[in-house]
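First comes the structure, then the notes that go with it.
The values are calculated or read from the model by the stated rules, or taken from the named source; none is laboratory data. All figures in this text were calculated on a predicted structure; none of them were measured in a lab. Glycine gets a Cβ as well: all are built from the backbone with ideal geometry, and neighbour counts include every protein chain shown.
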Amino acid sequence: MHESYRQEIRDIDLFAEMDDKNFQALMRASYVQNFPPRIDLIQENEPPDFLHVVLSGSVDLFSAWNGRETSMATVRPISTFILAASVRNLPYLMSARTLEKSRIALIPSQDVRAIFATDSAFAQAIVSELAQCYRSIVKNAKDLKLRTSLERLANYLLRQQERTGNLEFDLTMEKRRLASFLGMTSENLSRAFKGLEPYGVRVTGNHIEIVNLNDLTRYAKPNPLIDDYTT
């Protein structure tokens, strides 16, 4: 692995405080690979051979059952997936595929588990990341169970507005995927966009314009215990 990639991985909170000797051991059998768009990286129910680190591009985590498929999350640089399966040596609960050309580091899961057992700083970082993942899952469940589809879309748009800092932005995922992520059909998503027009939302293709942020905020009633994924 090129030294620049090692440093990118080293700078992630998960690896930042671990002993350097253990980090070098973790990198020994690791490698970086470039993937084109729409390539399956892992399949749910497969054994967790590697911990993946997204260095560039983006990855869709999704699940399928009985002819239906849903998008669970989007992973962007620089972050890992799926840590829990690697630590517990249990089958993946989600599948993953690239959304665009992506550079992925693959770290053998058996090495992750071995060093987890000996490096306390690394173990504490893993516990911290898994705790954050758990909190994100709870927030996502609250979003799905406590809000209508219109409210979910409104709050999603507010989060995107805050992330970009602009009142106009392009959706970062195709509408079909966005509908799946928000727990609705494509038809319901189209109706939801129309339903937000009275609250100051204009949609042209994948381009969003929020013409009245106050009206949209009053309708959406954002809640940090649901919408703030940094806490």
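Details
- Matching option when the condition is in contact with a helix residue (DSSP H, G or I) (Cβ under 8 Å, 6 or more places away or on another chain), farther than 24 Å from SER120 by Cα and at pLDDT below 95, among GLU3, GLU69: GLU69
- Counting only strands (runs of 3 or more DSSP E) that fall entirely inside region 31-106 and contain at least 2 residues that are over 21 Å from ASN140 (Cβ atoms), the qualifying elements are 31-35, 40-42, 50-56.
- Only a single criterion out of (1) out of contact with any helix residue (DSSP H, G or I) (no Cβ under 6 Å at 6 or more places or on another chain); (2) farther than 26 Å from TYR156 by Cα is not satisfied by LEU51, namely (1).
- The number of residues in region 111-159 that are over 17 Å from the mean Cα position of the chain (by Cα), under 29 Å from TYR31 (Cβ atoms) and among the polar types (S, T, N, Q) comes to 3.
- Filter result (at negative phi and charged (D, E, K, R)) within region 8-39: GLU8, ARG10, ASP11, ASP13, GLU17, ASP19, ASP20, LYS21, ARG28
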